[in-house]
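Throughout, read-outs are computed from the coordinates displayed, never taken from laboratory work. It should be emphasised that the depicted structure is a prediction, and the values quoted were computed from it without experimental measurement. Ideal geometry is used to build each Cβ from the backbone, glycine not excepted, and the neighbour counts take in all protein chains shown.
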Amino acid sequence: MEVKMSSRVLGVGMDLVEVHRIAKAIERQGGAFLKRIFTQLEREYCEGKAKSAQHFAVRFAAKEAVSKAFGTGIGAEIGFLDIEVHHRESGAPGITLLGKGRLLAESRGVSEVLVSLSHTEQIAGASVVLQ
């Protein structure tokens, strides 16, 4: 079977995070850490989960993977709150770019951000493709 790609890949990023590091940051800094890194939608979703640190960690990894796909890292061009991880109606994860993230995507011709998330009790990971 031949697969034809209609979109061009503009960037690929991947990141792994140790869940205990995110859990410790939450313990030490609490709401200040969460509000600096995660949108309200993300906080509400993760706080509703039994093992919330795993869900926060995988979102942290996704944000880092997006910044790596752009080749910028988190900083002046895109920040943590410019990247939001959500779930589509199908249950699949999705990425919404906000603020500087949206502007960066527009300037680079990015029309879609594909994301894959995975986590265990110890490690959370995310892969991102910009098209």
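A DSSP coil position with no more than 16 other Cβ atoms inside 10 Å describes the following trypsin sites (Lys or Arg not before Pro) in segment 81-131: 88. Normalised by the number of residues in the chain, the average gap of Cα pairs under 8 Å and 6 or more apart makes the relative contact order 35 percent. Approximating the spin labels as points 7 Å out from Cα along Cα→Cβ, the residue 18-to-residue 50 distance works out to 2.6 nm.
One quarter of the convex hull surface built on the alpha carbon atoms of segment 1-78 amounts to 7.5 nm², the projected area averaged over directions. In the chain, the sites counted are GluC sites (Glu not before Pro) in DSSP loop states with at most 15 other Cβ atoms within 10 Å, and the longest stretch holding none of them, exclusive of the sites, is 3-88. Restriction of the trypsin sites (Lys or Arg not before Pro) in segment 32-71 to DSSP coil positions whose beta-carbon has at most 16 other beta-carbons within 10 angstrom yields 49, 51. Under 15 Å from a label point set 7 Å out along the Cα-to-Cβ vector of residue 7, the amide N atoms of segment 54-96 belong to 66, 69-70, 86, 88, 92-96.
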